Each structure stands twice: as structure tokens, then as C-alpha cells.
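S.K.: Shown below is the structure under consideration.
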Amino acid sequence: MKSTKNLELVATKHAHIFRIKLSLEFQTRYIGLLDTSGEGKFITERKEKHRFRKTNSLGLNEELLQSPDVNFKWIIIDFEEKKLITSRLFFLTHSKVFTFKSFEKQYFLPLDEFGIDKAEQYKKSLTKQFSLFEEEAA
């Protein structure tokens with residue numbers, strides 16, 4: 001059972017699946033599941049009431065996204081009967097950070113930015129950029 005400052009991984013009956021418990025000053029809530037099999041997946045559910053209308057986006061806890069102790073590559077959000085999928089890297093680099101009164105810092109990714117294809121294209125673009133730097137250094 002790993003834990004960070006505010007996050008705790010709570011074991012389930014499946015050895016590779018953990019519930020993620022977020023403990024804040026005035027509340028404790030379970031924010032999703034961590035599936036450690038394969039590349040790792042964070043799985044959660046959001047409803048329309050969770051959508052940040054101003055940016056048409058959904059948010060995730062900063063500590064979850066930034067923690068080196070919670071390992072996952074993919075994010076899957078069940079939102080109004082759709083599965084929104086992206087990578088952790090894409091979510092971190094393409095979202096906006098907001099802190100609302102009485103809540104922790106969160107990263108918000110617009111709904112139209114989700115998609116495996118977008119996440120994989122972004123990763124490929126980074127790989128190409130790094131290989132260009134390697135060629136220059138040689």
C-alpha cells in the first residue's frame with residue numbers, strides 16, 4: 001500500500017488494482033482506480049456536473065498526475081456513457097491548472113483534446129524532436 005502526501009493506494013481483491021484515496025484537510029474521497037497491469041491505467045468516472053463549463057474540460061488532481069510513486073501511462077474517464085482516453089503525459093502538457101475555493105489544485109483538459117491518437121501523435125512528435133537534438137550534438 002503506497003501513499004504520497006494526500007494519496008493512498010488501497011488494495012482490492014485483485015493484486016494489480018488499487019482504489020485511490022485522496023485525503024484533504026476537510027474531506028476524504030476515492031477518486032478512481034489504478035490498474036498497474038501493463039503500462040498502467042488510471043480509471044475514473046465523471047458526470048456532467050464535474051465538467052468545467054468555462055473551458056469545457058474535466059479535471060484531475062495535481063498530486064495524482066505529478067506523483068512519481070503512482071505509476072500509470074493511460075487515463076480513462078467514463079464521462080456520460082463515453083470513454084475519454086488520453087495519456088498522462090498529454091494530460092499534463094495540454095491542460096490548464098486551476099484551484100477552486102475549498103478544493104485542491106487540479107489540471108483540466110478540454111473534452112476535445114482527449115483521444116489515443118492525439119496522445120500518441122504528441123509522443124511521436126517529442127521523439128522526433130529529441131532525435132533532432134541528438135543529431136545536432138553528434
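The values are calculated or read from the model by the stated rules, or taken from the named source; none is laboratory data. What you are looking at is a predicted structure, and each value in this text was computed from that prediction instead of being measured. Quick reminder, even Gly has a Cβ in these numbers, built from the backbone with ideal geometry, and neighbours come from all protein chains shown.
S.K.: Which of (1) more than 9 Å from the chain's Cα centre (by Cα); (2) modelled with pLDDT of 95 or more; (3) β-branched (Val, Ile, Thr) is the odd one out, the single condition Thr99 does not satisfy?
M.R.: Going through the list (1) more than 9 Å from the chain's Cα centre (by Cα); (2) modelled with pLDDT of 95 or more; (3) β-branched (Val, Ile, Thr), Thr99 breaks only (2).
S.K.: So which residues in the range 108-138 are assigned to a helix (DSSP H, G or I), small (Gly, Ala, Ser) and modelled with pLDDT under 65? Quick ask: steps written out before the conclusion?
M.R.: Filtering the range 108-138 down to residues assigned to a helix (DSSP H, G or I) leaves 111-113, 116-137.
If we keep only those that are small (Gly, Ala, Ser) too, we end up with 119, 125, 131, 137.
Listed by number, the residues that qualify are Ser131, Ala137.
Residue-wise test of (1) surrounded by 19 or more Cβ atoms within 10 Å (Cβ to Cβ); (2) among the hydroxyl-bearing types (Ser, Thr, Tyr); (3) not in a loop (DSSP other than H, G, I, E, B).
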{"position": "Thr55", "(1), (2), (3)": "no, yes, no"}
{"position": "Leu64", "(1), (2), (3)": "yes, no, yes"}
{"position": "Val70", "(1), (2), (3)": "yes, no, no"}
{"position": "Ile77", "(1), (2), (3)": "yes, no, yes"}
{"position": "Lys83", "(1), (2), (3)": "no, no, yes"}
{"position": "Phe91", "(1), (2), (3)": "yes, no, yes"}
{"position": "Phe98", "(1), (2), (3)": "no, no, yes"}
{"position": "Phe103", "(1), (2), (3)": "no, no, no"}
{"position": "Gln106", "(1), (2), (3)": "yes, no, yes"}
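S.K.: Another question about this same structure. Return the total of residues in the range 49-62 being farther than 9 Å from Phe79 by Cβ and in contact (Cβ under 8 Å) with a residue 40 or more places away in the chain.
M.R.: From the range 49-62, those farther than 9 Å from Phe79 by Cβ are 49, 52-57, 59-62; that's our starting set.
With the extra rule that they be in contact (Cβ under 8 Å) with a residue 40 or more places away in the chain, the set shrinks to 52, 55-57, 59-62.
Total meeting the criteria: 8.
S.K.: Quick one: is Leu24 within 23 Å of Thr99 (Cα to Cα) and touching a helix residue (DSSP H, G or I) at 6+ places or on another chain (Cβ under 9 Å)?
M.R.: Numbers: within 23 Å of Thr99 (Cα to Cα): yes; touching a helix residue (DSSP H, G or I) at 6+ places or on another chain (Cβ under 9 Å): no.
So Leu24 fails the test.
S.K.: Report, by residue number, each residue of the range 66-88 that is among the hydrophobic types (A, V, I, L, M, F, W, C), closer than 18 Å to Ser37 by Cα and modelled with pLDDT of 95 or more.
M.R.: First, pick out the residues of the range 66-88 that are among the hydrophobic types (A, V, I, L, M, F, W, C): 70, 72, 74-77, 79, 84-85.
Filter again for closer than 18 Å to Ser37 by Cα, leaving 70, 72, 74-77, 85.
Scanning the range 66-88 gives Phe72, Trp74, Ile75, Ile76, Ile77, Ile85.
S.K.: Under 8 Å by Cβ, and 6 or more places apart or on different chains, what pairs join a residue from the range 20-48 that is under 15 Å from Leu7 (Cβ atoms) with one that is of a type in the set (D, E, K, R) and assigned to a loop (DSSP other than H, G, I, E, B)?
M.R.: Here the result reads Leu22/Glu104; Leu24/Glu104; Gly40/Lys73, each pair linking the range 20-48 to a residue that is of a type in the set (D, E, K, R) and assigned to a loop (DSSP other than H, G, I, E, B).
S.K.: Please enumerate the residues belonging to the range 31-77 that are of a type in the set (A, V, I, L, M, F, W, C) and within 20 Å of Lys96 (Cβ to Cβ).
M.R.: We begin by selecting, within the range 31-77, every residue of a type in the set (A, V, I, L, M, F, W, C); these are 31, 33-34, 42-43, 52, 58, 60, 64-65, 70, 72, 74-77.
Matches in the range 31-77: Ile31, Phe42, Phe52, Leu58, Leu60, Leu64, Leu65, Ile75, Ile77.
S.K.: Can you list the strands (runs of 3 or more DSSP E) found entirely within the range 1-52 that contain at least 1 residues being at pLDDT below 95?
M.R.: Details: elements: 7-11, 17-23, 28-35, 41-46.
Correct list: 7-11, 17-23, 28-35.
S.K.: If you scan the range 20-45, which residues turn out to be over 13 Å from the mean Cα position of the chain (by Cα) and within 20 Å of Tyr107 (Cα to Cα)?
M.R.: First pass over the range 20-45, keeping only residues over 13 Å from the mean Cα position of the chain (by Cα): 21-30, 36-39.
Answer for the range 20-45, where residues must be over 13 Å from the mean Cα position of the chain (by Cα) and within 20 Å of Tyr107 (Cα to Cα): Lys21, Leu22, Ser23, Leu24, Glu25, Gln27, Thr28, Arg29, Tyr30.
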